Amino acid sequence: MRTHYCGQLRAEHVGETVTLFGWVNSYRDQGGVIFIDLRDRSGICQIVSDLSRTPQSFPIAESLKNEYVIKVVGKVSQRPADSFNPRLPTGEVEIYADELELLSALAPDEKSKDGNDVLLPFQVSSADPVKEEARLKYRYLDLRRERMSQNIKLRHQVVKSIRRFLEDQEGFIEVETPMLTRSTPEGARDFLVPSRVNPGEFFALPQSPQLFKQLLMVSGFDRYYQVARCFRDEDLRADRQPEFTQLDMEMSFMSQEEILELNEGLVCHILKQVKGIEVPRPFPRLTYAEAMDRYGSDKPDTRYGLELVDVSDLMKDSGFKVFSGAVASGGIVKVLPIPGGNDAFSNVRIKPGGDLFNEAASMGAKGLAYIRVRDDGDIDTIGAIKDNLSEEQKQELLKRTGATAGHLLLFGAGDAPTVNKTLDRLRQVIARELNLIDPDKINLLWIVEFPMFEWNADENRLEALHHPFTKPFDEDAHDLKTARAQAYDLVFNGFEVGGGSLRIYQSDLQQKVFETIGLSTEEAHNKFGFLLEAFKYGTPPHGGIAYGLDRLVMLLAGEESIRDVIAFPKTQQARCLLTNAPSGVDTKQLKELHIGVTQKPKA
RNA sequence: GGGAAUGUAGCUCAGUUGGUCUAGAGCGCCUGUCUGUCGAACAGGAGGUCGCGAGUUCGAAUCUCGUCAUUCUCGCCA
């Protein structure tokens, strides 16, 4: 029976006989004495087998290799003073192996000639980078490595601290909701699951437990939470997987203010418990309008400045047609002022074909105008701008953008969404290049007062920005088209880690919202009939929030992809390299499900 | 669906304008030496379908086209 984890042993254990189990992390044969670094999930400790002191374990010690699984029984000893290892928490002690038992060796390499070679796809005990393909194929080995092991343990700590806070401190009740549910309209594509029992019909995997958690409020649970798996069949990104985890919450009888306050408490609790970090409260807030104005984004990274400046009014009468034309056709002109940008960014990079130009173009910008402020305070730019800028306009521009010698001003001109997207992107690219981002900083802020709706040009209609159950501010309810929603997003260093809203609980208001997005009563009943029905029987005012747990843990772990905080993630092609899912299935299975497939699966 | 990067030994990479490349290095692996190492050291050794398939060429890791995989990204997605 194991008596300790490897990483627990300290000087206080000297003299005790311990039994350890673990993997050989590294192995150093000195001839007459062999050192083994034994690893388990808690850490590493040094095992010694000595020809003179522990002759009975020596032959086995000699036969060990990295990643063998062994059992060790031995006495904890103080290390000789000159061989302490300060890099290991257990570095003051070592265990003399009275007994060594090999529990599991490595299989020999098939290509080995004498059958002696063993082969690991990559080194477990080293932090050297390994290509992601190999890491995913041999994920169980990748998870043995320090980095991933830490990340998964951190994830556990985060979830644990969430449960403690919500359950013990705030009285939340965890309720599970179905994984087999019905296809939801709006939003992302569903993963469908055929029903054998109901030929021709399909379940959908939940994109989120949204409707169920509202029903739980109708049921009177008052405070619900769930660590919920969600599924969306959309293309992947570094921060998007087809299955991901939300911390899902819903509360009754609380105002937006109260909900935000409780959630600040939650997030602070997590940071304190997991990282030992105190974050000042209340978190800063930005309205959606202000965030778009100052940063061009509803999830701005506020760890650095580089704020945008709207100069539409200044440029509307400009002789430079790109600017005046943009304003005349209802668009805007905004500036990204970059201190020191004059030296840092060459014209080649800004002009067509340059990387900054390409960044802008990828977001839909047609061009990238610029002004350089020289050391003597005069400006450099293309003739078309310079010739059409009066001295007053020039001075006003410099004043408003705060531009001084050495500044580079990058301009976005056109429709507001494109300008904002473009300058938001450039802002991020440039901040990274100029090292303006302090990686140790944690900036949390709420974005509030989202608009209820957003124009969908493709479908030529208004669309709910959050979802159609979001409650407008009471004072805005008379004109829903322009109303602000009681919705909020939590932004963490430029990532949206959470978002939620108060929900509509009056059917007449809900009806009006459906009308506004062009949803007929009949359609609404087809899609959400069960929810609307539920609301007939006494519905508490309620609201909630959902956190992207993977993103939150990613940020806390300092990783750049949620794949690095998910034990078994998918590749960007939505495949699992470990199990080789998805795969074709037997025609027998398909027949039972009443499914015909028109496409042959990949071999 | 579009754009981009990458793919050479188990891993990480180098490989110039196509020509001693009969493809190298570090780590790992194998054999050996060594009684205080801890990124062990030292000596020796094995290990390659240059992702795959066509093409150009006297000659291709290198050029062209296609294809597959991994990643980033636009669209998409809250």
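The values are calculated or read from the model by the stated rules, or taken from the named source; none is laboratory data. Worth saying up front: this structure is predicted, and the values here are computed from it rather than measured. Reconstructed Cβ throughout: ideal geometry from the backbone, glycine too, with neighbour counts over all protein chains shown.
As a summary of the residue check, residue A:165 satisfies the conditions (1) under 30 Å from residue A:523 (Cβ atoms); (2) touching a His at 6+ places or on another chain (Cβ under 7 Å) except for the one numbered (1). Hey, any hits in the range A:462-479 for a residue that's under 30 Å from residue A:305 (Cα atoms) and β-branched (Val, Ile, Thr)? Checked against the condition, which is being under 30 Å from residue A:305 (Cα atoms) and β-branched (Val, Ile, Thr), the range A:462-479 yields no hits at all. Would you please name the residue that is nearest to RNA strand B (Cβ to nearest atom), looking only at residues in the range A:435-458 that are loosely packed, with under 14 Cβ neighbours inside 10 Å and part of a loop (DSSP other than H, G, I, E, B)? Only one residue fits best here, namely A:458. Among the numbered conditions (1) without any contact (Cβ under 8 Å) to a residue 40 or more places away in the chain; (2) surrounded by 14 or more Cβ atoms within 10 Å (Cβ to Cβ); (3) near RNA strand B (Cβ under 6 Å from one of its atoms); (4) within 30 Å of residue A:577 (Cα to Cα), the only one that residue A:118 does not meet is (1). For the range A:228-258, a residue qualifies if it is within 24 Å of residue A:281 (Cβ to Cβ) and within 16 Å of RNA strand B (Cβ to nearest atom), and the qualifying residues are A:246, A:247, A:248, A:249, A:250, A:256. Can you name every residue in the range A:568-584 that is of a type in the set (A, V, I, L, M, F, W, C) and surrounded by 13 or more Cβ atoms within 10 Å (Cβ to Cβ)? A:568, A:574, A:576, A:577, A:578, listed by residue number. Considering the conditions (1) out of contact with any Leu (no Cβ under 9 Å at 6 or more places or on another chain); (2) within 9 Å of RNA strand B (Cβ to nearest atom), residue A:148 is excluded by exactly one of them, (2).
Of all residues in the range A:3-17, none are within 12 Å of RNA strand B (Cβ to nearest atom), out of contact with any His (no Cβ under 9 Å at 6 or more places or on another chain) and in contact (Cβ under 8 Å) with a residue 60 or more places away in the chain.
Of the residues that make up the range A:182-190, is at least one of a type in the set (Lys, Arg) and farther than 30 Å from residue A:561 by Cβ? Looking through the range A:182-190, at least one residue is of a type in the set (Lys, Arg) and farther than 30 Å from residue A:561 by Cβ.
Comparison of A:303, A:294 shows that the only residue that is assigned to a helix (DSSP H, G or I) and under 28 Å from residue A:489 (Cα atoms) is A:294. Determine whether residue A:365 is away from RNA strand B (no atom under 15 Å from the Cβ), surrounded by 11 or more Cβ atoms within 10 Å (Cβ to Cβ) and of a type in the set (Gly, Ala, Ser). No: the conditions fail for residue A:365.
Scanning the range A:566-576 for residues that are near RNA strand B (Cβ under 10 Å from one of its atoms) and either of a type outside the set (Ser, Thr, Tyr) or in a helix (DSSP H, G or I) (or both) yields a total of 7. Only one entry of A:591, A:600, A:512 meets the criterion of being basic (Lys, Arg), exposed (fewer than 12 other Cβ atoms within 10 Å of the Cβ) and more than 15 Å from RNA strand B (Cβ to nearest atom), and that entry is A:591. If you check A:180, A:205 for being at pLDDT 95 or above, in contact with a strand residue (DSSP E or B) (Cβ under 7 Å, 6 or more places away or on another chain) and surrounded by fewer than 14 Cβ atoms within 10 Å (Cβ to Cβ), only one passes: A:180. Among the residues of the range A:386-414, the ones that are surrounded by fewer than 16 Cβ atoms within 10 Å (Cβ to Cβ) and of a type in the set (Ser, Thr, Tyr) come to 2 in all.
Residue A:563 satisfies every condition listed in (1) more than 13 Å from RNA strand B (Cβ to nearest atom); (2) crowded, with 20+ Cβ neighbours inside 10 Å; (3) of a type in the set (D, E, K, R) except (1). Residues in the range A:258-284 that are of a type in the set (Lys, Arg) and in contact (Cβ under 8 Å) with a residue 40 or more places away in the chain: A:275 only. Looking across the range A:368-385, the residues that are buried (at least 17 other Cβ atoms within 10 Å of the Cβ) and either in contact with a His (Cβ under 9 Å, 6 or more places away or on another chain) or not aliphatic (A, V, I, L, M) (or both) come down to A:370, A:371, A:372, A:373, A:381. Checking each residue in the range A:577-588 for being without any contact (Cβ under 8 Å) to a residue 40 or more places away in the chain and either part of a loop (DSSP other than H, G, I, E, B) or within 13 Å of RNA strand B (Cβ to nearest atom) (or both) picks out A:579, A:580, A:581, A:582, A:583, A:584, A:585, A:586. Selection over the range A:216-236 of residues that are surrounded by 20 or more Cβ atoms within 10 Å (Cβ to Cβ) and over 22 Å from residue A:576 (Cβ atoms) gives a count of 6.
In the range A:93-104, the residues that are charged (D, E, K, R) form Cβ pairs under 6 Å with partners that are assigned to a strand (DSSP E or B) and away from RNA strand B (no atom under 15 Å from the Cβ), at six or more places apart or across chains, as follows: A:98/A:73; A:99/A:73; A:101/A:71. Condition check for residue A:111 on (1) assigned to a loop (DSSP other than H, G, I, E, B); (2) touching a Pro at 6+ places or on another chain (Cβ under 8 Å): one failure, at (2).
In this structure, residue A:86 does satisfy being without any contact (Cβ under 8 Å) to a residue 12 or more places away in the chain, more than 8 Å from RNA strand B (Cβ to nearest atom) and within 17 Å of residue A:7 (Cβ to Cβ).
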